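The values are calculated or read from the model by the stated rules, or taken from the named source; none is laboratory data. Worth saying up front: this structure is predicted, and the values here are computed from it rather than measured. Here the Cβ positions follow ideal geometry from the backbone for every residue, glycine too, while neighbour counts run over all protein chains shown.
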Amino acid sequence: MRHHDPSSPPDPDRLGLALRTVVAWTRTIDVDQPYSALVDGRAWTLRLGDFPAEPLYTLLVDGEVIGSFDTWPPSW
């Protein structure tokens, strides 16, 4: 299992790969994290940012921040 140092910045390669992955999102009842999905056995969550001061979305995989972005990927 890969351990992530929370003080290190997210890996842009992991975010890029995630943004190209086909994902079937499910709406949640959490207004701060309105979407979740199970991808290859891992829990993906989208957290909303305080746009425009922050990026619109932040992707978390198993609770780890993968990265933030503003534009919804076409494969999602």
Q: Scan segment 46-76 for residues that are of a type outside the set (A, V, I, L, M), touching a Lys or Arg at 6+ places or on another chain (Cβ under 9 Å) and closer than 13 Å to residue 33 by Cβ and report the count.
A: 2
Q. Residues of segment 52-76 being part of a loop (DSSP other than H, G, I, E, B), in contact (Cβ under 8 Å) with a residue 40 or more places away in the chain and among the hydrophobic types (A, V, I, L, M, F, W, C), which ones?
A. 76
Q. If we scan segment 54-72, do we find a residue that is exposed (fewer than 11 other Cβ atoms within 10 Å of the Cβ) and modelled with pLDDT of 95 or more?
A. yes
Q. In segment 11-51, which residues are without any contact (Cβ under 8 Å) to a residue 12 or more places away in the chain and in a helix (DSSP H, G or I)?
A. 13, 16, 17
